[in-house]
């Protein structure tokens, strides 16, 4: 499979501000892992939440204050993030550039919980 990013549909995220996602490779193509692309607009955010699956992320552009458990850091282009299953995390975009990243997850059911 080879497909250009312009061929994908991006859907708005149900939580947060200014976020959208596209599934680049899903369970219909790959049995073990999914690849997704997220875009959070400048000044946008994703609230503190947990997932029942781990996340591996690669930042394509922009920067964001990222909370992973007790750690708060600025993630930027070319950074790699690992978020273990069940660990609370959030994103707040900083600067004038959209925060874009690839996110790889296991192809199993993912329960998402938004935290207060």
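Every number here is computed from the coordinates shown, using simple stated rules; none is lab data. Predicted, not measured: the structure shown is a model, and the values here were computed from it. A quick note on method: Cβ atoms are made from the backbone with ideal geometry, for glycine too, and the neighbour counts reach across all protein chains shown.
How big is the stretch 21-111 by the Kirkwood estimate over distinct Cα pairs, in Å? Walk me through the numbers on the way to the answer.
Details: mean 1/r = 0.0754 Å⁻¹.
For the stretch 21-111, the Kirkwood estimate is 13.3 Å.
Of all DSSP beta bridges located in the chain, what percent are antiparallel, nearest 5?
Numbers: 44 of 44 bridges.
Of those bridges, close to 100 percent are antiparallel.
At a Förster distance of 22 Å, what's the computed FRET efficiency of residue 50 paired with residue 97, Cβ-Cβ distance as r, to 0.05?
Numbers: r = 27 Å, r/R0 = 1.24.
For R0 = 22 Å, the calculated efficiency reads 0.20.
What's the ranking of 20-33, 62-75 by average number of surrounding C-beta atoms within 10 Å, highest first?
On the way: 20-33: 13.2, 62-75: 15.5.
In descending order of packing, they fall as 62-75, 20-33.
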